Every structure is written in C-alpha cells, then in structure tokens.
Amino acid sequence: MLYRLNPDNINFKTVDEIVELLKNGGVIIYPTDTVYALGADITNQNAFERVCKLKNIKPDKSNFSFVCSDLSHLSNYTKPINNSVFRIMKKALPGPYTFILEANNNVPKLLKQNKKTVGIRVPKNTICKAIIEKLGNPIISTSLHDNTDDILEYFSDPEIIHQQYETIVDGVIDGGFGNIYTSTVIDCSGSEPVVVREGLGSLDVLN
C-alpha cells in the first residue's frame with residue numbers, strides 16, 4: 001500500500017491508517033530527515049523480527065534506532081544522562097543525528113536481547129513526528145539499504161521504493177524525495193562523546 005502525505009499539509013486521516021497498520025504489527029517504509037527507513041511499532045516483537053528478517057540480520061547483531069517525536073520518551077529506554085550530554089542533544093534535536101546512549105532495563109525486555117546501548121533519533125520531519133505522536137511510542141527503525149549495505153540514490157525516490165518493496169512491506173509512505181545521506185552518529189555511552197559516523201548533522205553541536 002502506498003500512502004501519500006504532504007509534509008506541509010498532513011492528512012491526519014491517512015496518519016490514523018498508518019498508525020493502525022503499525023499497531024497491528026505492520027512494517028512500513030517511511031521518510032525521515034535523512035534517508036528513508038524501515039520501521040515498526042517498538043512494542044510489537046513480531047514486527048521487530050520481521051524487520052530483522054527483511055534486512056537479513058540477526059536481532060542480537062542489529063543496530064536499530066528508537067525514532068522518537070521528542071525527548072520525552074528518553075527515560076523510558078535509557079539510563080540517566082548527564083547535563084552536558086543532554087545539552088548537546090537539546091541543541092542537535094530534532095535533526096539528522098543518532099545518539100547512542102546506555103540502555104536501561106526496559107530495552108532487553110522489549111527486544112528480547114541483551115542490548116547495553118540504544119540509538120535515539122528525533123528527526124526533523126513532520127510526517128515522522130505526526131505518526132509517532134499518534135502511535136504514542138517510538139518506532140524501531142533502520143535505514144533502507146540495498147543488499148550491499150550501501151545507500152543508493154534510487155532509495156530517495158518513494159515511487160521506486162514502492163515498486164521494489166510493495167510485496168515485502170505493508171506500507172510505503174510517500175513524503176517526497178528523501179536524502180541519500182545518513183545521520184551523524186554520536187556515541188554518548190562513555191565518559192566523553194565520540195563521533196562514530198559523520199553524516200548530515202554538523203559536528204558544531206559538540207562545541
């Protein structure tokens with residue numbers, strides 16, 4: 001199913017349909033402020049396992065992000081963070097960043113795996129934000145890659161994405177052309193922030 005949403009004038013009836021799909025264990029491809037992503041309701045174990053199968057990865061070897069609408073869910077999934085890290089996150093988010101933080105005890109229960117860290121994303125994308133706010137909890141998410149694990153230009157075109165994935169996922173959300181660059185990943189699980197991957201997000205937020 002292809003859902004078309006205008007990021008400047010969101011049809012909330014369509015958002016309701018997408019959220020219902022997620023609550024029923026559906027897997028979607030949706031726009032962020034970087035690349036298009038595969039996502040599922042974080043509370044649905046079967047949907048999470050489907051995403052792993054689609055990406056051909058083992059759950060315990062996977063690096064997923066918890067995509068949130070804001071930082072209000074932070075304490076649900078991470079251990080307390082210090083003030084300096086919180087200031088960096090407040091400066092950077094919403095935006096094209098993934099912050100790796102220490103996971104609290106809720107995360108292994110959700111994913112049924114012993115994850116010590118979790119990636120947190122708050123994209124600057126109105127469609128993404130509207131879906132997560134209506135859903136009421138984060139989407140567990142991973143970037144849409146091809147079989148060589150590269151992000152290619154054609155993955156920015158939702159029409160082509162739909163052609164390739166319409167029989168594999170339950171919904172593709174057309175929110176316009178996406179980006180071909182990934183988020184900047186900053187590991188804040190240690191004593192000092194460490195840049196793991198430089199992407200769209202400027203490193204000025206660390207200054």
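The values are calculated or read from the model by the stated rules, or taken from the named source; none is laboratory data. Please read all numbers here as calculations on a predicted model, not as lab measurements. All Cβ positions, even for glycine, are placed from backbone atoms using ideal geometry, and neighbour counts span all protein chains on display.
Key figures for this structure:
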| quantity | calculated |
| --- | --- |
| Tabulated pairs, region 184-196, first closer than 17 Å to Leu93 by Cα and surrounded by 14 or more Cβ atoms within 10 Å (Cβ to Cβ), second at pLDDT 95 or above and among the aromatic types (Phe, Trp, Tyr), C-beta under 6 angstrom, 6+ apart or interchain | Thr184/Tyr97; Ile186/Phe99; Cys188/Phe99 |
| Enumeration of residues in region 45-57 that are in contact with a strand residue (DSSP E or B) (Cβ under 9 Å, 6 or more places away or on another chain) and not in a helix (DSSP H, G or I) | Ile57 |
| Total residues in region 60-73, condition crowded, with 21+ Cβ neighbours inside 10 Å and modelled with pLDDT of 90 or more | 5 |
| Per-region count, region 164-177, residues modelled with pLDDT under 95 and either closer than 28 Å to Phe86 by Cα or not in a loop (DSSP other than H, G, I, E, B) (or both) | 2 |
| Residue that is nearest to Pro193 (Cα to Cα) [pool: residues in region 61-111 that are in contact (Cβ under 8 Å) with a residue 60 or more places away in the chain and among the β-branched types (Val, Ile, Thr)] | Val85 |
| So Lys109, is it on the phi < 0 side of the Ramachandran plot, modelled with pLDDT under 95, over 15 Å from the mean Cα position of the chain (by Cα) and outside any loop (DSSP other than H, G, I, E, B) | yes |
| Yes/no for Leu21 being assigned to a helix (DSSP H, G or I), at pLDDT 95 or above and closer than 17 Å to Thr167 by Cα | yes |
